[in-house]
Structure formats: structure tokens, C-alpha cells
1. Residue-wise, which Karplus ³J(HN,Hα) couplings in Hz belong to region 98-111, taking 6.51 cos²θ - 1.76 cosθ + 1.60, θ = phi - 60°, and x for glycine or proline?
2. Distance from the Cα centre of region 77-112 to that of region 226-279, in angstrom?
3. Quick one: of the DSSP bridges fully inside the chain, what percent are antiparallel, nearest 5?
4. For the chain, give the magnitude of the charge dipole about the Cα centre (Cβ charges: +1 Lys/Arg, -1 Asp/Glu; no others), in debye to the nearest 20.
5. Using the Karplus equation 6.51 cos²θ - 1.76 cosθ + 1.60 (θ = phi - 60°), what ³J(HN,Hα) coupling, rounded to whole Hz, does each residue of region 219-225 give in order, writing x for Gly and Pro?
6. Mind checking which of A33, N186, G162 is farthest towards the positive end of region 4-263's charge dipole, using Cβ charges of +1 (Lys, Arg) and -1 (Asp, Glu) about the Cα centre?
7. Based only on other Cβ atoms within 10 Å, what is the fewest-to-most ordering of H119, H158, H25?
8. Quick one: putting +1 on the C-beta of Lys and Arg, -1 on the C-beta of Asp and Glu, what dipole do you get for region 147-279 around its Cα centre, in Debye to the nearest 20?
Amino acid sequence: MPTTVRAALVQAAWTGDKESMTKAHEEYAREAAAQGAKVVCFQELFYGPYFCQVQDAKFYEYAESVPGPTVERFQALAAELGMVMVLPVYEEEQPGVLYNTAAVVDADGTYLGKYRKTHIPHVNGFWEKFYFRPGNLGYPVFDTAVGRVGVYICYDRHFPEGWRALGLNGAEIVFNPSATSRGLSNYLWKLEQTAAAVANEYYVGTINRVGIEDLGDDDFYGTSYFANPMGEPVDGFASDGETEVVVRDLDMDLLREVRNRWQFYRDRRPDAYGDLVQP
């Protein structure tokens, strides 16, 4: 595997319809590839608005099979660009069985699998239980051309157990595609993902959309970034209001250096944690 991975995150504003949003992300992927990126992750539910601001069954129409039309479209682009892609989409497993999902596609266009969001919020402005069942695929880690990649979606990040499960499953880079607005969790944005990177000794790439959409007054504040295994942002944060393709170089040798220094995985005591997972 490469010792340096050039990786990209895309934070974007809603364009008004699914097809224009999809085309825009094809161009963002091309822009990332032109800058040398070998892996890219889009924001949560990337081809739509963040419709969970309201509860309206018309948005079920955004759901599709995974793999399906959108994933297959980006499989072709991944193969063309030689780029690993993480594609957060709205999945319909069957009518009425819907998930908040991210598909992972390798650099040759191969569909590797998917992660389904595990923790589903249902609070003002984030009415997600109306749209999604809780994920049931565990915490998969995918062997890709850039290393071992995991996904943990938005609200998941408040729960340390999944971050650790991804680390135990061998993740080297974990992407956290999100739709997060100012106010409720803004103060956590630069804390939780950096802390997860430190505690689990891997890279975290965290993505947020930008702008105010036509479903409410939520202002999505961007500020996408990569955190390294020392909890440091890699070359700073994206803007808090502009569409941006964030490209950063990740020093993968740092994982071994940090893990040898701290030995968190060696010194874990799973025999002492049983009570933590009791209901």
C-alpha cells in the first residue's frame, strides 16, 4: 500500500434536483482526481437535500437499490479516474425497507460493499427515524487501492463503540459523511472526530454540507477536514460556507508510529467491559 495517500472530501450546496446534484459530484470527483486524489468521499445523502429537516413521504422517491443506478454510474467514473469512492446514498432494500447507506467502490470500479448508518436520530430538524431503519451490517472495513477504509455516518460519531469496532476490524481511514447544522452540535465538530482519531489511531475524514436548503432554516456549516492519528487537523479546515473539494496528503506511516508509541490496542481490557454493552 502507498505510504502517502492523497485523499479528498467534497462539501457541497444543494443544487435543487437530483440529476444536477449528481452531475456536480461527477465534476467534483474529476477536480479531485486532477489534483492527484486517489480516494474521495461525498457528504451524507449526497445527491439530495437533507430532507430529514421535515417528515414527508415524497422523499422516499430518492431511495434506490445499492448497488443501483447512482452507484453504478460512479463505478464507471471510479474506473475512469482510478479513484476509490465512498458514496453516501439513500438505499431501498425493498419497498418500505430503507437505510442511510454508504457504498464503497474500488479504484477499478469494483463495488466492494456498503455500510448502513447504525444510530438513527429523531430530534427537531433531524427526523431520521421517519426515513431510515437502523443499520444491520455491522462495521465493515473494505480493502481498497488506498488501504483499509471504513465508514461511520453523521450521528454515529457521537457513539465511541463503532469507532472502536472499525479500528478492531483494521480500518486505516474512516470517513464520516455528515449533514450537520449550526447550533445543536457545532461545538462538537472539531472535538469528536479528532478524539476518535486519537483513541483509535487512524485517520478520520469528516464531511459536512454547506448552505441553507429550501426545506427549513438549517444552515449547514461545512468545515470538513481530515484528522490524523495524533488528533491534528491535516492542513486545516474547509470553509464554513462554500462548496469545496478538500484534498490532503495522509502519511500512512504515521499510523504505525503512533500505534507503536501508545499501544492502545495491546492494552485494551475487553474482559472488563462487559457491563458497558448491557441494555
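1. 10, 9, 8, 10, 10, 8, 10, 10, 7, 5, 9, x, 6, 6
2. 24 Å
3. On the way: 36 of 52 bridges.
Close to 70 percent.
4. Details: 25 positive and 40 negative charges, 163 e Å.
Roughly 780 debye, rounded to the nearest 20.
5. 10, 7, 10, x, 6, 5, 6
6. Going by the Cα projections, it comes out as G162.
7. Values: H119 17, H158 12, H25 24.
By the 10 Å Cβ count, ascending, the order reads H158, H119, H25.
8. Values: 13 positive and 22 negative charges, 139 e Å.
Dipole size: approximately 660 debye.
Values quoted throughout were computed directly from the atomic coordinates according to the rules given, and no laboratory measurement underlies them. All values derive from a computational prediction rather than experimental measurement. Because the Cβ atoms are built from the backbone with ideal geometry, glycine has one as well, and the counts that use them run over all protein chains shown.
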